[in-house]
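The structure appears right after this line, and notes come after that.
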């Protein structure tokens, strides 16, 4: 270790100033997943479709998409949304030609998020990530953007050494398109329970 005199005679390079994002966290650090790695190759723009981290300015449009997809996703207000975003290990939006088309919020273990589904999964799969919500604007559904978004999430959870991805899908009333999508992408039911008077299928996929 250099002494104080050595440090004065041989000045060390100054550490770069760390910038905080719109949610109060350092841009190079995630509360639950540790320091953020360099974005994977899938992160970027392909044929007018961009997958990127969510920022504060995105919240009004994210909120509108969430509201348009209730009850397939839970009904929340803006402050609840801001809290979930702040707790998320992955908070991503999909832009199509510059407009937000969809988003997802994924939590790692250790979150303060008060969800019975999150708690159910963490009791049984304590090293998995939990996809709390994913939703798209109606005009952009069925065009493959969901598959691109999930590919990005899987890259990130693998980089963070998570063991799997968990989520729930409504079965009463049934969300048939979502069930078909998740079955197609390798998710399997590991349980069922009732959440907010809606029966859900609790699903899990092993990390690659």
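The values are calculated or read from the model by the stated rules, or taken from the named source; none is laboratory data. No experiment lies behind these values; they were computed from the predicted model shown. Neighbour counts run over all protein chains shown; Cβ positions are idealised from the backbone, glycine included.
Scanning the stretch 113-123 turns up no residue that is touching a residue at least 60 places away in the same chain (Cβ under 8 Å), within 12 Å of the chain's Cα centre (by Cα) and not in a strand (DSSP E or B).
For the stretch 124-142, residues that are free of Cβ contacts under 8 Å to residues at least 60 places away in the same chain and either crowded, with 21+ Cβ neighbours inside 10 Å or part of a strand (DSSP E or B) (or both) total 4. Taken over the stretch 36-68, the residue count meeting the criterion of being part of a loop (DSSP other than H, G, I, E, B) and modelled with pLDDT under 95 is 11. Scanning the stretch 169-197 for residues that are buried (at least 16 other Cβ atoms within 10 Å of the Cβ) and part of a helix (DSSP H, G or I) yields 178, 179, 181, 182. Candidates in the stretch 81-97 are the residues that are assigned to a helix (DSSP H, G or I) and in contact with a strand residue (DSSP E or B) (Cβ under 9 Å, 6 or more places away or on another chain); of these, the one that is farthest from residue 108 (Cα to Cα) is 81.
The residue that is surrounded by the most Cβ atoms within 10 Å (Cβ to Cβ), counting only those in the stretch 143-168 that are part of a loop (DSSP other than H, G, I, E, B) and at pLDDT 95 or above, is 162.
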